[in-house]
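The values are calculated or read from the model by the stated rules, or taken from the named source; none is laboratory data. If you're wondering where the values come from, they're calculated on a predicted model, not measured in any experiment. When we count neighbours, we look across all protein chains shown, and the Cβ atoms used for this are built from the backbone with ideal geometry, even at glycine. To get the accessible areas, we keep the full protein, side chains included, count just its heavy atoms, and leave off ligands, DNA and RNA. Shrake-Rupley method; radii C 1.70, N 1.55, O 1.52, S 1.80 Å.
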Amino acid sequence: MSQTDPLILGIESSCDETGVGLVRGTQLLTNTVSSSMEEHIRFGGVIPEIASRAHLEAFVPTLRQALADAGVSLEDVDAIAVTSGPGLAGALMVGVSAAKALALATGKPLYAINHLVAHVGVGLLENSMAVRSPGEGLPENLGALLVSGGHTEILRVRSMAEDVELLGSTIDDAAGEAFDKVARVLGLNYPGGPAIDKLAKEGNAKAIRFPRGLSAPKYMGAANEPGPHRYDFSFSGLKTAVARCVEGYEARGENVPVADIAASFQEAAVDVITAKAVLACKEKGMTTLLLGGGVAANSRLRELAQQRCAGANITLLVPKMSLCTDNGAMVAALGAQLVMNGVSPSDLAFAPDSSMPVSSISLA
Amino acid sequence: MRILTIDTSAVASATLLNFEPNDPVRTLSVVGNFATQDTRSHAEVLAPGVKSLFTDAVIEGPALDAVVVGVGPGPFTGLRSGIAMARTLAFVWDVPLYGLMSLEALAQQVFDTPRHGLDGRALGPVAMGDFVVATDARRKEVYWARFSAAAQLMDGPHVGPPTDISDIQVFGAGAGLYREQLEQTGCEVYSVLADVQPTALALGRAAIRRISVAGSLEAAGLLDTTPLYLRESDAKVPGPRKRAL
Ligand SMILES: [Zn+2]
């Protein structure tokens, strides 16, 4: 196998996107994604069983398409990488079963890898971000802020292949989930993120002061004596506060100022997300912050993150959106790092782990 | 001819079968067979199990004449792991891919099990006429189908409470699980086949019998690999908003 520029096929099925990506070293060849998002709209959120059924139907066509787009055959592939967690158990199972079949049918090594760390992996792909030049490794002192419908985390990345630490995460809903639920309260369509982002532009973000979860001193503590949730998030209280606010207007027989509420909710969410991420960077000496996950598309999150990172001398990296949302290329990119670092492949008997911790970058 | 069969509708199982196309049933030999006992570890064990059937799967796989997979009914997550495996293997090896209802594997086992007279002589299959095979569908229900004494599918597959079945011989793990209820509706449950699960080996035998009857693999009436879920996803379109106050 080529240790310097390995050709890696990456498979992602942890939520509602079936992704197959091909990467050669740090060069992105193709990123093919089939989403079951449309099938979840009428339910207002991702239904695990529907997602799992869709993965099964989409897998082989997506694989075929990815190979055709990249103009490579399976014989050319050096190794296969698959998301083994965290994610929806039934959804992970489809990608893992298919990846194992690929590995055993081709005789190629298989890497069972962590979805969250893979989100950071796209940062290594050439041309994924304007700020980085080809061939350069990961920036020193790197942090990552992952914000999506399935997860919300702050990571410290010392080495992509060997040392990733979880600094903080949500203790209840993911940020994207909060956007979806609030959108429903406001009578907007799923997915809530884009709908709220759009409506918020017409509203006053200062109209209503919604709570910033886990930002009270008893949770935060101080830098030298951190509280129990210094870098953690909570969005369920915020969601409830929005619902109460809407009901208050309704009870008083007043028109609900949906644009103001959308803007104020969005402000509360992105304020606490960016404030905690920047705080973690400052306190942990991280000088570059990589943004990942579908909520990276939110215009206010990008704006505020940019502003606060600039103010704290932190370089903010935002990959292009097709690489921020769940995809197979990020899995392949991390797989390539593991191969290039001489990490051993996974045993064919590994089990997917729906709560795989980031300290576990790949399974043995 | 050589076929790989996989079934994960209950346990995880895979079998490699060899036979002569002009007399499949009598020339059948089992090259390799793998099956778990439990119904919950498919993701871990299936791939190593399939691999263990071959000396070198990379070389032997593309030489197969078909991959046949049990398409259920069965608990969804396990079922999908087998179908995802079979579809991907067939794609990589570029070999024909077929599905077969997993309950046919149980019907085949009933067909293959002799009934003995008092003097110990075999009197033919244990099924005396039409019979039902049933597996555990969880939630106090069974997956079931009705077959003729010759193991031809007559009705099904269905999912429902065991009380939907009456006045017939019932075989399979679903029969053992709900023996009392089935006996109350006039069914007969035999201890000998009251705990059997569909396996890739029995599924393969069912496929071979079909090939034997039809004269060829292509004419055997095998299915595509669409899973037989029989149940919807359980997802509910949300009703009016719940009040937070
Ligand atoms: Zn993700």
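Beta-bridge orientation, the protein assembly as shown: approximately 65 percent antiparallel, per DSSP, counting only bridges with both partners inside. With all pairs of separate Cα atoms included, the stretch A:1-122 yields a Kirkwood hydrodynamic radius of 14.5 Å. Only one residue of A:296, A:227, A:333 has its Cα farthest out toward the positive end of the dipole of the stretch A:204-346, where Lys and Arg carry +1 and Asp and Glu -1 on Cβ, and that residue is A:227.
The P(r) of the stretch A:164-313 has a tail past 25 Å containing 29 percent of all C-alpha pairs.
Longest segment of chain B with no GluC sites (Glu not before Pro) in a DSSP loop having at most 13 other Cβ atoms within 10 Å? Before the final figure, lay out each step's value.
Values: sites that count: B:218, B:232.
For GluC sites (Glu not before Pro) (loop position, at most 13 other Cβ atoms within 10 Å), the longest site-free span of chain B is B:1-217.
Highest mobility in the GNM of chain A, judged by mean-square fluctuation with C-alpha springs under 10 Å and restricted to A:300, A:184, A:42, is found for A:42. Across the options A:119, B:132, B:219, the greatest Cα extent toward the positive end of the charge dipole of the protein assembly as shown (unit charges at beta carbon of Lys, Arg, Asp, Glu) belongs to A:119. All Cα-Cα separations within the stretch B:1-102 were binned at 5 Å from zero, giving a P(r) of 2, 14, 24, 26, 19, 10, 3, 0, each value a whole percent of the pairs.
I'd like the antiparallel share, as a percent to the nearest 5, of DSSP beta bridges with both residues in the stretch A:1-117. It would help to have the intermediate numbers written out before the result.
Values: 14 of 23 bridges.
Around 60 percent antiparallel, to the nearest 5.
Taking chain A as a Gaussian network of alpha-carbon nodes connected by springs under 10 Å, the highest mean-square fluctuation of the residues A:307, A:266, A:337 belongs to A:307. Each chain gives up part of its surface: B and A jointly bury about 3400 Å² of accessible area, both sides summed, for a 1.4 Å probe.
May I ask for the Kirkwood hydrodynamic radius of the protein assembly as shown, worked out over all distinct Cα pairs and given in angstroms to one decimal? Please report the intermediate quantities before stating the final value.
Working: mean 1/r = 0.0380 Å⁻¹.
Averaging 1/r across every pair of different Cα atoms and inverting gives 26.3 Å.
Residue B:221 sits among other residues whose Cβ lies under 14 Å from its own Cβ, and their net charge, with Lys and Arg +1 and Asp and Glu -1, is -1.
What percent antiparallel are the DSSP beta bridges of the stretch B:131-245, to the nearest 5? Around 70 percent antiparallel, to the nearest 5. For the protein assembly as shown, the solvent-accessible area of protein heavy atoms averages 39 Å² per residue (probe radius 1.4 Å; ligands and nucleic acids excluded). Taking chain A as a Gaussian network of alpha-carbon nodes connected by springs under 10 Å, the highest mean-square fluctuation of the residues A:223, A:251, A:241 belongs to A:251. Computed from the alpha carbon positions, the gyration tensor of chain B leads to an equivalent ellipsoid with semi-axes of 29, 27, 15 Å, biggest first. Other residues lying with their Cβ under 13 Å from the Cβ of residue B:138 contribute a combined charge of +1, Lys and Arg counting +1, Asp and Glu -1.
Please state the charge dipole magnitude for the stretch B:1-145, taken about the Cα centre, from unit charges on C-beta atoms (+1 on K and R, -1 on D and E), reported in debye and rounded to the nearest 20. Don't jump to the answer; show the numbers that get you there.
Details: 11 positive and 15 negative charges, 84 e Å.
In total the dipole reaches around 400 debye.
Dipole check for chain B: with +1 at the C-beta of Lys and Arg, -1 at the C-beta of Asp and Glu, and the Cα centre as origin, the magnitude is about 860 Debye.
For the stretch A:242-350, applying the loop criterion from DSSP together with a ceiling of 13 other beta carbons within 10 Å to the GluC sites (Glu not before Pro) yields A:254.
Over 24 Å apart at the Cα level, from the set A:100/B:236; A:181/A:284; A:100/A:320; B:140/B:236, are A:100/B:236; A:181/A:284; A:100/A:320. Percent of accessible area on the protein assembly as shown owned by carbon and sulfur, 1.4 Å probe? For the protein assembly as shown, the apolar C and S fraction of the accessible surface comes to 49 percent. The Cβ shell under 13 Å around residue A:74 holds other residues with a net charge of -2, Lys and Arg each +1, Asp and Glu each -1. Rounded to whole Å, the principal axis extents of the Cα atoms in chain A read 67, 46, 34, largest first.
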